[in-house]
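Heads up, the thing below is written out as structure tokens.
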Amino acid sequence: MKNEYTVEQLLERVNTVKIAEGNERVRALSQRIVSDLFKTIDEFKVTPDEFWAAIEWLNALGRTGQTGLITAGLGFDRLLDILADEADDAAGIAAGTPRAIEGPLYVPGAPNSAYEARLDDGTMPGQVYVMEGVVRDINGNPLAHASLDAWHANEHGRYSHFDPEQKEYNLRRNITCDAQGRYRFRSVIPPGYAIPPTGPVAELFQALGRHGNRPAHIHFLVSAPGVRTLTTQVNIPGDTYIDDDFAFATRDGLVVTIENVDSPAGYESLGIEGPFARIRFDFVLQPAASEEESKHLSRVERVTA
């Protein structure tokens, strides 16, 4: 009969039926994904109950806004970094500060400060720290007035904008570096944290027998004209999960050194009044191949532009 298919015939029909040309790349990606899913369902003899349970899990993933957690936890975010690193190596342009996953919690529009800023609002307990350094190109030249976004979690592992209990843009700032490419900011050293204990991501990781912990880290988005925008994060040393990050994001060269400083001299403008921790870190940015690579954009802006 005309409308009776084998598995192969159905797959061929799904992947080729069309009334217009559509988008060639979307069609190619869809064909690969659908083909792989057909093969998985066929080989593992997935039952209707299992199939619809998976659909409900995907619906729950969307309702809870945890899609960005699952992409990180299943390695997709790090995969993109690995592929980008391999492309740089092949092109002979690998240099600079290692990239690291952005995660789903960047928010554009953080308050801007010139040269220095305070990220916290004074309510977060813990060790006060100052992070400072220079944004440079691969030849060591400072990048005057580079733009640097910094953001991290609070003591509960939560991020402002996504946590209604925090003030808007708490623990988030954009800093315009000075003419020597220098920046510095004050905050409180964040702890590591885990994925929410309930919800679809926790449910899957329990089934996989995996933990959902991330080591303590601070996120950055750094840009300047003529260089490639860098998305990265640094890790705080000594964390239990620094080599066992559920998102696979720890990288050599991104584990910082913490100095204990007794005197606040020179840091009074940041409100430092006693001993504090200091992190020195220079960001080194690769040359841009196009103007597009220099844009200081969020992921959402890239997708919708």
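The values are calculated or read from the model by the stated rules, or taken from the named source; none is laboratory data. Model, not experiment: these values are computed from the prediction. A quick note on method: Cβ atoms are made from the backbone with ideal geometry, for glycine too, and the neighbour counts reach across all protein chains shown.
Kindly provide the set of residues from region 23-58 that are of a type in the set (D, E, K, R) and either within 25 Å of GLY199 (Cα to Cα) or assigned to a helix (DSSP H, G or I) (or both), ordered by number. Let's see the steps before the verdict.
Step one: list which residues in region 23-58 are of a type in the set (D, E, K, R), which gives 24-25, 27, 32, 36, 39, 42-43, 45, 49-50, 56.
Correct list: GLU24, ARG25, ARG27, ARG32, ASP36, LYS39, ASP42, GLU43, ASP49, GLU50, GLU56.
Within region 66-79, track down each residue that is assigned to a loop (DSSP other than H, G, I, E, B) and in contact (Cβ under 8 Å) with a residue 60 or more places away in the chain. Give the derivation first.
Applying the first criterion (assigned to a loop (DSSP other than H, G, I, E, B)) to region 66-79 yields 66, 74-75.
Correct list: GLN66, GLY75.
Does region 191-211 include one or more residues that are within 22 Å of LEU270 (Cβ to Cβ) and in contact (Cβ under 8 Å) with a residue 40 or more places away in the chain? First the steps, then the outcome.
Step one: of region 191-211, the residues within 22 Å of LEU270 (Cβ to Cβ) are 191.
Next cut, in contact (Cβ under 8 Å) with a residue 40 or more places away in the chain only: 191.
Within region 191-211, one or more residues are within 22 Å of LEU270 (Cβ to Cβ) and in contact (Cβ under 8 Å) with a residue 40 or more places away in the chain.
Consider PRO225 against the criteria (1) closer than 28 Å to GLY157 by Cβ; (2) touching a Ser or Thr at 6+ places or on another chain (Cβ under 6 Å): it satisfies all of them except one. Which criterion is unmet?
It is condition (1) that PRO225 fails.
Could you list, in sequence order, the residues of region 170-188 that are surrounded by fewer than 17 Cβ atoms within 10 Å (Cβ to Cβ) and either in a loop (DSSP other than H, G, I, E, B) or not assigned by TED's automatic domain parsing to the domain that holds SER147 (or both)?
So in region 170-188, the residues surrounded by fewer than 17 Cβ atoms within 10 Å (Cβ to Cβ) come out as 176, 179-180.
Once the filter is applied, which keeps residues that are surrounded by fewer than 17 Cβ atoms within 10 Å (Cβ to Cβ) and either in a loop (DSSP other than H, G, I, E, B) or not assigned by TED's automatic domain parsing to the domain that holds SER147 (or both), region 170-188 yields ALA179, GLN180.
Out of curiosity, is PHE38 in contact (Cβ under 8 Å) with a residue 24 or more places away in the chain, under 30 Å from ALA202 (Cβ atoms) and not assigned by TED's automatic domain parsing to the domain that holds ALA249?
On the way: in contact (Cβ under 8 Å) with a residue 24 or more places away in the chain: yes; under 30 Å from ALA202 (Cβ atoms): yes; not assigned by TED's automatic domain parsing to the domain that holds ALA249: yes.
Against the criterion (in contact (Cβ under 8 Å) with a residue 24 or more places away in the chain, under 30 Å from ALA202 (Cβ atoms) and not assigned by TED's automatic domain parsing to the domain that holds ALA249), PHE38 qualifies.
Consider ILE82 carefully, then state whether it is touching a Leu at 6+ places or on another chain (Cβ under 7 Å), in a helix (DSSP H, G or I) and modelled with pLDDT of 95 or more. Walk me through how you get there before you give the answer.
Numbers: touching a Leu at 6+ places or on another chain (Cβ under 7 Å): no; in a helix (DSSP H, G or I): yes; modelled with pLDDT of 95 or more: yes.
The answer is no for ILE82.
Being assigned to a loop (DSSP other than H, G, I, E, B), surrounded by fewer than 19 Cβ atoms within 10 Å (Cβ to Cβ) and among the charged types (D, E, K, R) is the filter here, so list the residues in region 189-243 that pass it.
ARG210, ASP243
Which one of these does ILE101 not meet: (1) within 30 Å of GLY62 (Cβ to Cβ); (2) surrounded by fewer than 18 Cβ atoms within 10 Å (Cβ to Cβ); (3) among the aliphatic types (A, V, I, L, M)?
(2)
Kindly list the number of the only condition in (1) aliphatic (A, V, I, L, M); (2) part of a loop (DSSP other than H, G, I, E, B); (3) within 20 Å of THR71 (Cβ to Cβ) that fails for ALA289.
For ALA289, the exception is condition (3).
I'm told ALA90 meets every condition in (1) loosely packed, with under 12 Cβ neighbours inside 10 Å; (2) of a type outside the set (Ser, Thr, Tyr); (3) not in a helix (DSSP H, G or I) except one. Can you identify the failing condition by its number?
(3)
Could you list, ordered by first residue, the pairs with Cβ atoms under 6 Å in which the first is in region 1-30 and modelled with pLDDT of 95 or more and the second is of a type in the set (Phe, Trp, Tyr), at least 6 apart or interchain?
As it stands, the answer is LEU11/PHE38, since those pairs meet every condition given.
Can you tell me which residue among ILE93, ILE70 is touching a Pro at 6+ places or on another chain (Cβ under 9 Å), at pLDDT below 95 and of a type in the set (A, V, I, L, M)? Break it down stepwise before answering.
On the way: ILE70 fails: at pLDDT below 95.
Every option except ILE93 fails the conditions.
Filter region 230-244 for residues that are within 21 Å of ARG278 (Cα to Cα) and either among the hydrophobic types (A, V, I, L, M, F, W, C) or in contact (Cβ under 8 Å) with a residue 60 or more places away in the chain (or both) and give the result.
THR232, GLN233, VAL234, ILE236, ILE242
Return yes or no: is LEU74 surrounded by 14 or more Cβ atoms within 10 Å (Cβ to Cβ), over 23 Å from ALA289 (Cβ atoms) and touching a helix residue (DSSP H, G or I) at 6+ places or on another chain (Cβ under 6 Å)? Walk me through it before giving the result.
On the way: surrounded by 14 or more Cβ atoms within 10 Å (Cβ to Cβ): yes; over 23 Å from ALA289 (Cβ atoms): yes; touching a helix residue (DSSP H, G or I) at 6+ places or on another chain (Cβ under 6 Å): no.
Taking the combined requirement at face value, the residue does not satisfy it.
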